[in-house]
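The values are calculated or read from the model by the stated rules, or taken from the named source; none is laboratory data. Note that the structure is predicted; figures quoted are calculated from it, not measured. Cβ: placed from backbone, ideal geometry, glycine included. Neighbour counts: every protein chain shown. Areas reflect the complete protein model, heavy atoms only, side chains present, ligands, DNA and RNA absent. Shrake-Rupley method; radii C 1.70, N 1.55, O 1.52, S 1.80 Å.
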Amino acid sequence: MAFQKDFVWGAATAAYQIEGAAAEDGRKPSVWDMYCRRPGATYLGQTGEVACDHYHRMASDVALMRELGLTGYRFSLSWSRILPDGVGAINPKGMDFYDRLVDCLLENGITPFITLYHWDLPLELYFQGGWMNADAPRWFAKYAAVVTERLSDRVRHFITFNEPQCFIGAGFLHGTQAPGLTLSLVETIRMSHLVMLAHGRAVAAMRAHAKQPIQIGYAPTGGNFYPATNTPEDIEAARARTFRVVDDPLWWADSISWWSDPVMLARYPDDGLAHFESYMPVGWEKDLDDICQPLDFYGENIYNARAVSAKEGPLEREAGHPTTAMGWPITPECLYWFPRFLYERYQKPIYITENGMANNDIITPDGKVHDGNRIDFMRRYLLELERARMDGVDIAGYFAWSLMDNFEWAHGYSARLGLTYIDYATQQRTIKDSGYWYRDVIASNGAKLHETVS
Ligand code: FCB
């Protein structure tokens, strides 16, 4: 059987994208609350103030997960709901919310996977320099300790950061996500080092406070490549290109090895150092042992890739290449090659912590959402993942992005990526065809993937 019995079939969300209740029960703003108020920053000025109102609908949303048959649910915590100023006093109501969510998941047989940080830095910490402040690793470790102290009696899976590539790259280089700045290499390389040190310190703090053995991982993303053909030369070109550090002041943060080699292997990649060593904070070498704490699994958010050939380099996409409603290319091969390359290099069980697509979903007169495109997408991608498994890559689970349509950052509510449709005016949830199809995939532990889609 391709997927082992305890394979985790999950779905993922993030706090700011679904919770709403932005100013309720003691939560204070994060950088995203601030950024959404900048004129022109998000689609039609939309914000996560209400989002999917999950904060008030948590129990029925967990019932939805049960209906889908999910065995795992990956969600993030809002740091400023738990510690409104980022450090200092705990907000009991905020913490209670996550406590109840965890209980509710467990009552429904769903394994919680907690992400500590999915981009929503408490605003107060941002005003103190955020990821540029040398105290940031200490702030993050303290927050990690608070969370572990309270939840690790029941939660066994934790993830430190979601996509540092994006919250540094889009947030501080391109200025297209919170806090919307366009900074220099010297500022952002320093931040990357402090973010990784924060990861390491948080892992150590979590181990120290855990109430039972816990599993800790990381959920980066990154530009990746698949071979244009199956020749050894093209495969090697894809591997080399995937782990190459991009020497570009705007795009370097997209590199996977820059963000994962220190965390997994206790070293920066040589080509990265050759480009950027002069921007590193003084004494960076002595932090590597703290950054590289033993992890139990490696997560990766994987959406698409580019083909590369040894002779021609990265290939242009042919005219009419399929894309999602957000314009992202549809390239199922990446769910075979990227996990394979990552497993070869980092040697840890891999979770696909996000994968999915935006689609122009509508509710048709029969009251349903016929998102055949998404079923086709997921089927093609999951078959590639299954192939990776069969070829010996240790894949521990898959989390569809997303459980439900939600606030897609700068795209606001214009992009729908859920297995469940949200009518934002009424907050009504409608499971899409893809949700029911995924339920059958889960129930058959993947066998359903081999039925052709009509
Ligand atoms: C990822 C993010 C996630 C969502 C998907 C579409 O980069 O981690 O929050 O926005 O893209």
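General observations
Quick grid of which residues meet (1) over 28 Å from PRO92 (Cα atoms); (2) at pLDDT below 95; (3) assigned to a helix (DSSP H, G or I); (4) open to solvent by 10 Å² or more (accessible area, probe 1.4 Å):
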| residue | (1), (2), (3), (4) |
| --- | --- |
| ARG150 | no, no, yes, yes |
| ARG154 | no, no, no, yes |
| PHE161 | no, no, no, no |
| GLY169 | yes, no, yes, no |
| MET191 | yes, no, yes, no |
| LEU194 | yes, no, yes, yes |
| ALA202 | no, no, yes, no |
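- Every test in (1) of a type outside the set (Phe, Trp, Tyr); (2) more than 14 Å from the ligand (Cβ to nearest atom); (3) over 19 Å from GLU236 (Cβ atoms) is passed by MET326 save one, and that test is (2).
- Residues of the range 414-454 satisfying the condition of being within 16 Å of the ligand (Cβ to nearest atom) and open to solvent by 40 Å² or more (accessible area, probe 1.4 Å): SER414
- Considered as a group, the residues in the range 69-106 that are in contact (Cβ under 8 Å) with a residue 12 or more places away in the chain and of a type in the set (D, E, K, R) include one that is nearest to TRP437 (Cα to Cα), and that residue is ARG74.
- Scanning the range 175-189 for residues that are outside any helix (DSSP H, G or I) and at negative phi turns up THR176, GLN177, ALA178, PRO179, LEU181, THR182, LEU183, SER184.
- Flag for TRP259 being within 16 Å of the ligand (Cβ to nearest atom) and open to solvent by 80 Å² or more (accessible area, probe 1.4 Å): no
- Members of the range 312-336 found to be in contact with an Asp or Glu (Cβ under 8 Å, 6 or more places away or on another chain) and of a type outside the set (A, V, I, L, M), listed by number: PRO332, GLU333, CYS334, TYR336
- Residue that is of a type outside the set (S, T, N, Q), in a strand (DSSP E or B) and within 15 Å of the ligand (Cβ to nearest atom), where the choices are ALA400, ALA410, ALA396: ALA400
- Residue, farthest from the ligand (Cβ to nearest atom), within the range 176-189, restricted to residues that are open to solvent by 20 Å² or more (accessible area, probe 1.4 Å) and closer than 19 Å to GLN17 by Cα: THR176
- Pairs with Cβ under 6 Å, 6+ apart, first in the range 390-404 and over 16 Å from TYR73 (Cα atoms), second more than 15 Å from the ligand (Cβ to nearest atom) and of a type in the set (D, E, K, R): VAL393/ARG340; ILE395/ARG389
- Pairs where the first residue, in the range 16-29, is within 15 Å of PRO92 (Cα to Cα) and the second is among the hydrophobic types (A, V, I, L, M, F, W, C), C-beta under 8 Å, 6+ apart: ASP25/PHE97; ARG27/ALA21; LYS28/LEU123
- Every pair of residues 6+ apart whose Cβ atoms lie under 7 Å, when the first sits in the range 334-346 and is of a type in the set (Asp, Glu) while the second is modelled with pLDDT under 95 and open to solvent by 10 Å² or more (accessible area, probe 1.4 Å): none
- Residues in the range 221-253 that are surrounded by 22 or more Cβ atoms within 10 Å (Cβ to Cβ) and of a type in the set (D, E, K, R): none.
- ALA51 vs. criteria under 26 Å from TYR438 (Cα atoms), in contact with a Ser or Thr (Cβ under 8 Å, 6 or more places away or on another chain) and either of a type in the set (A, V, I, L, M) or surrounded by 23 or more Cβ atoms within 10 Å (Cβ to Cβ) (or both): no
- Output for the range 347-370, where each listed residue is within 28 Å of ALA240 (Cα to Cα) and in contact (Cβ under 8 Å) with a residue 24 or more places away in the chain: LYS348, PRO349, ILE350, TYR351, ILE352, THR353, GLU354, ASN355, GLY356, MET357
One line per residue, one yes/no per condition, for (1) within 16 Å of the ligand (Cβ to nearest atom); (2) assigned to a strand (DSSP E or B); (3) within 24 Å of ALA208 (Cβ to Cβ); (4) touching a residue at least 24 places away in the same chain (Cβ under 8 Å):
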position: GLY109; (1), (2), (3), (4): no, no, no, yes
position: THR115; (1), (2), (3), (4): yes, yes, yes, yes
position: PRO137; (1), (2), (3), (4): no, no, yes, yes
position: PHE140; (1), (2), (3), (4): no, no, yes, yes
position: PHE158; (1), (2), (3), (4): no, yes, yes, yes
position: LEU173; (1), (2), (3), (4): yes, no, no, yes
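- Within the range 405-419, residues that are more than 17 Å from ARG429 (Cα to Cα) reach partners that are open to solvent by 10 Å² or more (accessible area, probe 1.4 Å) and within 11 Å of the ligand (Cβ to nearest atom) with beta carbons closer than 6 Å, at six or more positions or on different chains, in the pairs TRP409/GLN177.
- Considering only residues in the range 339-372 that are under 21 Å from TRP328 (Cα atoms) and outside any loop (DSSP other than H, G, I, E, B), the one that is most open to solvent (accessible area, probe 1.4 Å) turns out to be GLY372.
- Matching residues in the range 69-109 - criterion: being within 19 Å of TRP9 (Cβ to Cβ), touching a Ser or Thr at 6+ places or on another chain (Cβ under 8 Å) and open to solvent by less than 10 Å² (accessible area, probe 1.4 Å): GLY72, TYR73, ARG74, PHE75, LEU105
- Helices (runs of 4 or more DSSP H) (entirely within the range 244-328) containing at least 1 residues that are under 18 Å from the mean Cα position of the chain (by Cα) and not hydrophobic (A, V, I, L, M, F, W, C): 256-265
- Of all residues in the range 55-68, those that are acidic (Asp, Glu), within 22 Å of TYR117 (Cα to Cα) and open to solvent by 10 Å² or more (accessible area, probe 1.4 Å) total 0.
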